[in-house]
Amino acid sequence: MSESHVQEQPSNDSPRPSTAGRLRALGNHEWLSPTEWRRRIIFWTGAVLVGLAAVFFAQAADYAFELFRRVASHGWWVPLLITPAVFALLCWLTEGALKATRGSGIPQAMAALKVEDDGFRGRLMSLKIAAGKMALTLAALLGGASVGREGPTVHVGAGLLYSLGRRFGFAEPAAAGRFILAGSAAGLAAAFNTPLAGVVFAIEEMSGAFEHRMSGTLLTAVIVAGVVSLGILGNYAYFGDVTASLPFGKAWLAVLLTGLVCGLAGGLFARMILPSATGLRGLVGRIRARQPVVFAAFCGLGLVLLSLLSANGLYGTGYTQARDILQGHDMAGPLFGVLKFLGNIASSWAGIPGGIFSPALAVGAGLGNNIAQLLPGADVSSVVLLGMAAYLSGVTQAPLTATVISLELTANRQMALPIMAACLLARATSALVCRVPVYKALAEDLVNRYEEERLRREPRPEESA
């Protein structure tokens, strides 16, 4: 054996780095990597942009709806002229290239996470779609639609971060998915000024599990977006500080009632807005497919007629009515919860841009107020808060998100246990009526349409031969 060959053999006496040492070296290398730092900077910059967009969206939405209220105050007949026309116009505008702006926006973000196709993601998450989502949702509020801005803010946040990531070289499917997930969570956090809810929403609703995608950078992006909103708008609770509490005893009957009633109502709402080929939903779908613009106009007319039965109307997000009910200044009337429920269905059936988070909280507040009248020994605000959380859990079938949002929106910690119990019960009750969560079902519908389109584009075996 040659001397040179002997020298090439590793020595048994030479020290080898330990596993921990190799991991530390790898971690240090990744921390100092220019690519990793570029990704972090893009995440943080995008989170700031999402926060700014959410603040602008919130202010513009309030202004748009206030303008509608001023115009509508000139007579009960004014919304009869405005609302159906706006519904028809929005439906017409979203028939073509802006079709992805329809509805809440959360299903679009979920579908984009699931399908790792650049073309599909581009159609749902482009900057044009994000800008259109914001503009058309504002137009819907300007026309008095019973929609919210939180779901659209999630869509806008996902679109902004996705487009930013692609612009700076992170087009690889898994990397792009992280940007969509971070943008969605940051959008919700900034929309409600609830960073913790944004994190829980990303885990429970968007990704379905705490996977590797939920990295520290992603969590930081959520916090940055929340801090931007906090810095501009101040440290506030969405519905104000609510000092409600629910002691053990007979008052816990409210947990049972709100969980069952609001969960059932939430499941019914979710089932009514999901596409179907049978029953009433099938009939609605066929009519909408034949004359979508005319159908949207009739939905707007239905919302106006329902509003005439309510003391303060059913237009907009319902934030003012929910806040007044929660704080014990109910001016909306005993039928507000039921009427708002129907108004939300009319707006959803029209297929116009707009979310369901805030309108759902308003319905829950109305139903909770009705349940409180059956429980004279319970604190009304506590029962109303339970109703809001339980109905939101019933609609979304995301009990953890509904719990955290309800606690952060009211700066209330005393109600954590009863709210969680009501949300879990509502989720179970809702599943009896609507087996698939509404956002997941709508996202799967988008994915199925994509798969059908992809199969039509692919050549058949006999054609390729």
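The values are calculated or read from the model by the stated rules, or taken from the named source; none is laboratory data. Nothing here was measured: the structure is a model prediction, and the numbers come from that model. Heads up, the Cβs are rebuilt from the backbone with ideal geometry, glycines too, and the neighbour counts pull from every protein chain shown.
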Q) Name the residues in the stretch 53-69 that are among the aliphatic types (A, V, I, L, M) and within 19 Å of ASN312 (Cβ to Cβ), would you? A) ALA61, ALA64, LEU67
Q: Kindly indicate the residue of the stretch 138-155 that is assigned to a helix (DSSP H, G or I) and out of contact with any Phe, Trp or Tyr (no Cβ under 7 Å at 6 or more places or on another chain) and also farthest from LEU392 (Cα to Cα) among those meeting that condition.
A: ALA139
Q: Looking for whichever is part of a helix (DSSP H, G or I) and under 17 Å from ALA443 (Cα atoms) here; the options are ARG166, ARG178, ARG121. Which one fits?
A: ARG121
Q. Could you list, in sequence order, the residues of the stretch 289-323 that are of a type in the set (D, E, K, R), under 26 Å from the mean Cα position of the chain (by Cα) and modelled with pLDDT of 90 or more?
A. none
(Q) What's the total number of residues in the stretch 325-363 that are of a type in the set (Phe, Trp, Tyr) and in contact with a strand residue (DSSP E or B) (Cβ under 8 Å, 6 or more places away or on another chain)? (A) 1
Q) Inside the stretch 305-358, can you point out the residues that are touching a Lys or Arg at 6+ places or on another chain (Cβ under 9 Å), among the polar types (S, T, N, Q) and in a helix (DSSP H, G or I)? A) GLN321, SER358
Q) With ALA60, ALA72, ALA85, ALA54 as the choices, which residue is buried (at least 23 other Cβ atoms within 10 Å of the Cβ), small (Gly, Ala, Ser), in contact (Cβ under 8 Å) with a residue 24 or more places away in the chain and in the same structural domain as GLU204 (by TED's automatic domain parsing)? A) ALA54
Q: Could you check, for the stretch 259-278, whether at least one of its residues is over 27 Å from ALA145 (Cα atoms), among the β-branched types (Val, Ile, Thr), under 23 Å from the mean Cα position of the chain (by Cα) and modelled with pLDDT of 75 or more?
A: no
